[in-house]
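These notes are about the structure you will find just below.
The values are calculated or read from the model by the stated rules, or taken from the named source; none is laboratory data. What you see is a predicted model, and the numbers here were worked out from it, not measured in a lab. Note that each Cβ is placed from the backbone with ideal geometry, even for glycine, and that neighbours are counted across all protein chains shown.
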């Protein structure tokens, strides 16, 4: 552990690294030259740690310097508007005929293929397209009317 303490200067990290050396030794089961083997494992762990820290530092720098990350800030008004739109969409879905609603949900939400839906309902894939188009038209109309 002293080997790691001199290099990382963090007691908890040094303990973790020392434990990892023992774990790797037990997994490997090597008996030849244990001292050299132990120090080689320890050195490899330190090198791995430096590499990980470089990657983390580069990522932190990238995140900190990137101005336009396409992330929206938390906006309570936008959140409330989104909830209202979701409620309107749910209400509009409820107004669809049950079969059309089910086909629409299977296609748009569950990502089932039109052929698979057609087979399940005993209809052609063009009939599935018709149901999906009918649902989309009603949902778009309802959402526009709500504005």
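For the range 94-110, enumerate the residues that are more than 28 Å from the chain's Cα centre (by Cα) and either in contact (Cβ under 8 Å) with a residue 12 or more places away in the chain or part of a helix (DSSP H, G or I) (or both).
Hits for the range 94-110 are 94, 95, 96, 98, 99, 100, 101.
Out of (1) touching a helix residue (DSSP H, G or I) at 6+ places or on another chain (Cβ under 6 Å); (2) more than 30 Å from residue 6 (Cα to Cα); (3) modelled with pLDDT under 90, what's the single condition that is false for residue 96?
Result: residue 96 fails condition (3) only.
Results for (1) exposed (fewer than 10 other Cβ atoms within 10 Å of the Cβ); (2) at pLDDT 90 or above; (3) outside any loop (DSSP other than H, G, I, E, B), shown as yes or no for each residue.
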| residue | (1), (2), (3) |
| --- | --- |
| 64 | yes, no, yes |
| 77 | yes, no, yes |
| 112 | no, yes, no |
| 123 | no, yes, no |
| 142 | no, no, yes |
